[in-house]
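What follows is calculated from the coordinates using simple rules that are stated; it is not laboratory data. All values reported here derive from a predicted model rather than from experimental measurement. In this analysis, Cβ positions are derived from the backbone assuming ideal geometry, glycine residues included, and neighbour counts consider all displayed protein chains.
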Amino acid sequence: MKAITALLLVAAPVFANAGPYTIYAGKNVELNQETKVTGNVAAGGNLDMKYQSQVQGNVATTGKVTLEQGSKVFGNVAAANTVHAKYEATVTGKIETSARDKVAVTLEQASKVGNVVHNAGTAIDAKWGANYAKDIIAPVSAPSLDVLPGASPFTVGSNVFNLDAYTTGALGQGKYGNVKLGTDATLTLSAGSYYFDSLDVGGFGKLIFDLSGGAIKLYVLNNIKIGQDFEFDVLNGSAANIYTETKGNYELGINGEWYGTLFGSGDKSNLHFGQNATLGGTFLARQNIQLDIYSTVVGLPSGTDQGQSGKIPLPGSLPLLGLGLLALATLRRRN
């Protein structure tokens with residue numbers, strides 16, 4: 001197992017390009033209907049790609065990979081367990097599995113994949129109408145995934161901060177207790193490190209990250225809960241300079257946004273992104289990561305400066321682009 005060495009530097013966490021992954025869960029990753037991920041996806045457990053979901057990159061798991069109807073991987077699939085490509089599922093690269101099951105790879109009708117590499121004593125079950133390039137029997141080892149770093153050591157304050165509905169406010173760096181924003185409230189954070197006991201943002205809320213003075217690091221001891229239609233604004237810099245870590249769970253409501261590096265570092269931390277989420281950066285969790293339907297994730301190259309003009313980098317700067325990604329540059333819903 002390799003280590004994500006840079007992320008172990010607590011004093012100066014790496015931001016958006018922490019490792020080779022856009023999404024990495026210590027346990028399972030679930031990409032629901034018509035979700036799209038630009039970048040590599042890794043899971044220490046299973047990966048389940050639902051109807052017409054897409055990954056524009058490579059996939060690696062130490063468990064099973066299930067590609068539901070019409071799902072697509074524009075890259076390679078590497079798994080330590082079985083791979084199941086259902087009706088019209090596509091893998092443009094190769095499938096490699098170290099599974100020891102009698103049937104290591106199942107390809108259903110109209111599925112289309114590249115070479116299939118599997119161990120001796122295992123087989124491909126290719127249904128009528130399935131397509132694959134070559135059946136290659138060769139020794140295959142389980143994927144070697146990077147090791148998630150340990151949680152950052154930090155303490156929080158006891159002073160509660162409440163921002164009433166429909167109001168605006170600002171916080172300076174420092175230690176706080178519970179931080180709560182009411183409906184349609186707007187909070188501005190400036191350069192520095194913030195330590196919250198918890199963060200609760202009501203529906204239609206907004207966080208403004210003003211990077212004019214430098215990077216922003218946000219550490220949350222317990223849960224982060226974000227309501228629907230949340231807006232994440234980046235001023236005077238790049239979302240690559242925003243790092244968020246929670247030792248609890250992270251939950252984003254429908255139509256929400258989040259950018260930068262987000263790490264669920266606690267032993268039981270999960271990340272859950274609601275329907276139609278717009279995400280950019282690197283997303284890591286000790287346990288599970290779930291994207292609800294129609295959500296979009298773009299790996300954000302370090303050094304990309306969106307300024308005030310947008311939060312998704314221009315597709316020309318991304319390494320794993322496929323058809324239709326040019327439209328991602330205009331995904332920002334609000335100006």
Just want the answer: with Cβ charges of +1 for Lys and Arg and -1 for Asp and Glu, which residue in L171, V297, T244 is farthest toward the dipole's positive end in the stretch 161-308?
T244
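For a quick check: sort V59, V298 by the number of other beta carbons within 10 angstrom, fewest at the front. Kindly include the intermediate steps, with their values, before the conclusion.
On the way: V59 28, V298 25.
Least crowded to most crowded, the residues run V298, V59.
Is the stretch 21-147 rounded, prolate or oblate when judged by the Cα gyration tensor, a ≥ b ≥ c being the square roots of its eigenvalues, rounded requiring a/c under 1.5 and prolate requiring a/b larger than b/c?
Numbers: a/c = 1.78, a/b = 1.13, b/c = 1.57.
Oblate is the answer for the stretch 21-147, as a/c is 1.5 or above yet b/c matches or exceeds a/b.
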Loop-resident chymotrypsin sites (Phe, Trp or Tyr not before Pro) in the stretch 132-215 with no more than 12 other Cβ atoms inside 10 Å, DSSP not H/G/I/E/B, are Y166
Members of K102/K268; K102/K134; K72/K134; K86/K268; K27/K217; K86/K206 lying beyond 29 Å, as alpha-carbon distances in this model show:
K102/K268; K86/K268; K86/K206
³J(HN,Hα) computed for each position of the stretch 48-59 - Karplus, 6.51 cos²θ - 1.76 cosθ + 1.60, integer Hz, glycine/proline x:
10, 9, 7, 3, 6, 6, 9, 10, 8, x, 8, 10
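Could you tell me what % of all Cα pairs in the stretch 87-229 have separations over 22 Å? Walk me through the numbers on the way to the answer.
Working: 6016 of 10153 pairs.
Here the tail beyond 22 Å accounts for 59 percent of pairs.
If R₀ is 51 angstrom, what is the calculated FRET efficiency for the pair T92 and F154, using the beta carbon separation as r and rounding to 0.05?
So the FRET efficiency works out to roughly 0.75.
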Ranking request for peptides 236-242, 256-262: highest mean number of other beta-carbon atoms within 10 Å first, then the rest in descending order.
256-262, 236-242
Distance between the C-alpha centers of the stretch 207-274 and the stretch 30-61? Whole Å please.
21
Taking a ≥ b ≥ c as the square roots of the eigenvalues of the Cα gyration tensor of the stretch 161-308, is the shape rounded (a/c under 1.5), prolate (a/b larger than b/c) or oblate?
rounded
Got a sec to turn the phi values of the stretch 270-280 into Karplus ³J(HN,Hα) couplings, 6.51 cos²θ - 1.76 cosθ + 1.60 with θ = phi - 60°, whole Hz, x for Gly and Pro?
10, 10, 10, 10, x, 3, 6, 6, 10, 10, x
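Give the peptides 269-280, 87-98 in descending order of average Cβ contacts within 10 Å, highest first.
Numbers: 269-280: 23.6, 87-98: 21.5.
The densest-packed peptide leads the list: 269-280, 87-98.
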